[in-house]
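Comments concern the structure below.
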Amino acid sequence: MSRTWSTFIQRPQTLYTSRALRFSDARSAEWLAAFGLENPKNILEIGCGPGALCGSLKRWYPDAAVTGLDLDAGFLDYARAHVKGVSFTEGDIASLPFESGSFDAVLSNTVAEHVEPSAFFGEQLRVLRPGGVCVVMSVRYSVERKSHYALRESDLEKDVWERVSKRMAERSEKFGVCRYPMDEAEYPAAMAKFGFRDISVGYVFLSLTPDDPTVSRESAAEMIESFRANDVDSVLMLNDVAPDTVTRGETAELVRQTEKKYAERLAAYDRGEKLWDCANALIMVMRGIK
Ligand SMILES: C[S@@+](CC[C@H](N)C(=O)[O-])C[C@H]1O[C@@H](n2cnc3c(N)ncnc32)[C@H](O)[C@@H]1O
């Protein structure tokens with residue numbers, strides 16, 4: 001049983017919040033068109049993390065049985081506690097614990113780059129029924145701009161991030177994060193090489209911009225909360241990634257400073273002050289048929 005990813009790389013709550021925004025019901029029409037699934041009876045999401053996409057899939061395809069699979073028990077505990085109507089299973093994508101031909105669709109979001117490609121595509125091909133659909137999503141481009149509140153850096157913050165930068169790089173290397181990167185042409189070529197046909201590639205643009213006038217106050221607050229959770233988690237993770245480089249007292253102080261910055265950012269929103277901070281992403285959606 002592994003808790004590596006949820007301890008050292010991304011925390012469950014933050015990842016869940018980010019993906020709940022990404023796969024929100026407000027964007028369901030765009031995602032449903034990109035997935036192109038016709039009355040699926042059983043859907044598998046591999047590398048489901050804390051389960052936000054599984055929850056959306058269950059709402060969007062209420063008649064389908066939805067299964068989420070991940071290696072990380074920390075994510076699965078979170079998913080089981082927060083996402084209802086979905087079955088969550090611990091397992092390795094490189095050796096899926098399912099019979100051949102069991103699923104109408106297999107989906108994944110930001111997982112392909114972490115798993116050896118022949119296993120990643122080969123196992124999905126095996127567990128899909130003939131005619132089943134494989135959907136692979138990968139972030140291609142991100143545009144992030146923090147507000148001046150969030151950018152404000154204390155001496156302690158500067159000092160801590162300088163001290164831990166080497167440890168952060170070592171962490172990604174050690175846990176194989178993005179060990180198998182592919183570009184926009186290599187991904188669909190790999191899908192074909194490992195046996196899929198009728199491959200198509202689409203792109204979905206996601207904008208998290210609280211000051212966008214079409215965004216409600218509720219959604220803007222969710223976006224700011226997602227930015228806050230991300231920054232707070234980056235600090236809290238240092239307790240596990242660099243325990244001999246940073247003290248718990250220092251991380252507690254940095255969390256306090258971060259909370260203050262985002263309380264100020266939200267107050268600015270409520271005063272009507274426009275800051276145009278954002279976290280926007282272009283997501284590649286590949287689709288292939290068995
Ligand atoms: C970047 S996270 C994405 C999680 C989720 N798809 C999301 O978008 O929130 C990558 C996920 O893949 C999982 N993962 C990586 N390698 C795996 C493997 N071989 N088998 C199962 N899960 C794996 C990690 O535990 C993690 O949950």
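Readers should treat all values here as calculations from the given coordinates under stated rules, not as data from a laboratory. All of these numbers come straight from a predicted model, not from anything done at the bench. Virtual Cβ from ideal backbone geometry, glycine too; neighbours counted across all protein chains shown.
Give me the extension gain from GLU173 to SER200: residue separation times 0.36 nm, minus the current Cα-Cα distance, reported in nm with one decimal. Write out the running numbers ahead of the final one.
Working: separation 27, 0.36 × 27 = 9.72 nm, distance 3.17 nm.
Between GLU173 and SER200, full extension yields 6.6 nm more.
Counting pairs on different chains as well as pairs 8 or more places apart, how many Lys pairs in the chain have Cα atoms under 15 Å apart? The partial results should precede the final answer.
Working: LYS41/LYS58; LYS58/LYS84; LYS146/LYS260; LYS146/LYS261; LYS146/LYS274; LYS158/LYS166; LYS166/LYS174; LYS193/LYS290.
For the chain, the number of qualifying lysine pairs is 8.
Cα gyration tensor of the stretch 1-144, axes a ≥ b ≥ c as square roots of the eigenvalues: rounded (a/c below 1.5), prolate (a/b > b/c) or oblate?
Numbers: a/c = 1.33, a/b = 1.10, b/c = 1.21.
Since a/c stays below 1.5, the shape of the stretch 1-144 is classed as rounded.
So between GLU162 and GLU218, what do we pick up on full extension, going 0.36 nm a residue minus the alpha carbon distance? Don't skip to the answer; put the middle values down first.
Numbers: separation 56, 0.36 × 56 = 20.16 nm, distance 3.58 nm.
Additional length available on full extension: 16.6 nm.
Report the label-to-label distance for ARG126 and GLU264 in nanometres (one decimal), using points 7 Å from each Cα along the Cα→Cβ vector.
Between ARG126 and GLU264, the label points sit 5.5 nm apart.
State, as an integer percentage, the relative contact order of the chain based on alpha-carbon contacts under 8 Å between residues 6 or more apart.
On the way: 500 pairs, mean separation 66.8, N = 290.
Reported as a whole number, the value is 23 percent.
Which residues' amide hydrogens lie under 5 Å from the amide hydrogen of THR89, considering only partners 5 or more residues apart or on another chain, with H built in the peptide plane?
GLY68, LEU69, ASP70
Which of the DSSP-defined H helices in the chain satisfy a minimum axial length of 18 Å, computed from C-alpha atoms, and a minimum mean Kyte-Doolittle hydropathy of -1.0? Please report the intermediate quantities before stating the final value.
On the way: long enough: 155-174 (29 Å, -1.64); 217-236 (28 Å, -0.28); 248-271 (35 Å, -1.34).
Those that pass (Cα extent of 18 Å or more, hydropathy at least -1.0) are 217-236.
Once you have a ≥ b ≥ c as the square roots of the Cα gyration tensor eigenvalues for the chain, tell me rounded if a/c is under 1.5, and otherwise prolate or oblate according to whether a/b is larger than b/c.
Numbers: a/c = 1.98, a/b = 1.50, b/c = 1.32.
It comes out prolate by the Cα gyration axes.
Suppose the chain between GLU186 and LEU32 were pulled fully straight at 0.36 nm per residue; how much longer would it get relative to their current alpha carbon spacing?
Working: separation 154, 0.36 × 154 = 55.44 nm, distance 2.45 nm.
Answer, rounded to one decimal: 53.0 nm.
Using 1/(1 + (r/R0)^6) with R0 = 51 angstrom and r between the beta carbons of MET1 and GLU273, what's the FRET efficiency to the nearest 0.05? Kindly include the intermediate steps, with their values, before the conclusion.
Working: r = 47 Å, r/R0 = 0.92.
Plugging the Cβ-Cβ distance into 1/(1 + (r/R0)^6) gives 0.60.
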